[in-house]
Amino acid sequence: MVSLITTSSIQTAVTSLNISEIEVHYLWPFLCTLAFGIAGAILALWTQGTERLAKSVFQVFSCVSVGSVAVITIYILVSGAPALIEIGVGDFLFGTKWEASAEVFGILPMILSSIAGTLGAIVIGVPIGLLTAIFLSETANPILAKIVRPAVELLAGIPSVIYGFLACW
């Protein structure tokens with residue numbers, strides 16, 4: 001049985017999440033970090049110049065990034081704790097069925113498929129990468145290596161999600 005995802009089904013699902021009722025008190029760590037970072041940046045510029053200012057700006061952005069991940073993690077744990085308590089952590093982690101209509105939620109197949117996908121990528125990617133590196137550094141003609149090395153570096157800089165998107169296309 002194939003079920004199509006329609007915009008109305010997505011809208012119904014998003015509405016059922018009660019996203020509009022998210023409390024604002026999760027926002028205060030961001031605002032405090034940003035305010036202290038801006039104050040530190042102004043103080044650094046006033047006392048020690050632009051080099052210190054650049055360092056302060058990067059510290060602010062790194063703190064905001066880490067803080068964002070921490071707040072998102074806390075929000076997910078706080079929001080999901082009642083469901084985990086109701087379902088049970090053991091049944092959730094080691095359950096083999098996911099049937100929302102029957103309120104059976106087990107993610108073991110998803111965990112195992114993630115591990116299998118990771119192992120498959122390692123089995124395929126490591127030998128190819130290692131052999132390519134050995135070939136370019138030891139065996140390849142210097143002219144060929146000069147052409148291929150930037151291409152390999154360019155491919156390494158592309159996120160794997162893009163490769164997955166192209167593979168599906």
*Between Val104 and residues 5 or more places away or on another chain, which pairs have amide H atoms under 5 Å apart, with H built 1.01 Å from N, and which residues are they?*
Glu99
*What distance in nm separates the simple spin-label points at Ala102 and Ile74, each placed 7 Å from Cα in the Cβ direction?*
3.9
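Is region 108-169 rounded, prolate or oblate when judged by the Cα gyration tensor, a ≥ b ≥ c being the square roots of its eigenvalues, rounded requiring a/c under 1.5 and prolate requiring a/b larger than b/c? Mind showing how you got there, number by number?
On the way: a/c = 4.20, a/b = 1.96, b/c = 2.14.
Judged from the Cα gyration tensor, region 108-169 comes out oblate (a/c at least 1.5, b/c at or above a/b).
Just so you know, all these numbers are worked out from the coordinates, no wet-lab data involved. Treat the numbers as computed from the prediction; the structure is a model and nothing was measured. Cβ atoms come from the backbone with ideal geometry, glycine included; neighbour counts cover every protein chain shown.
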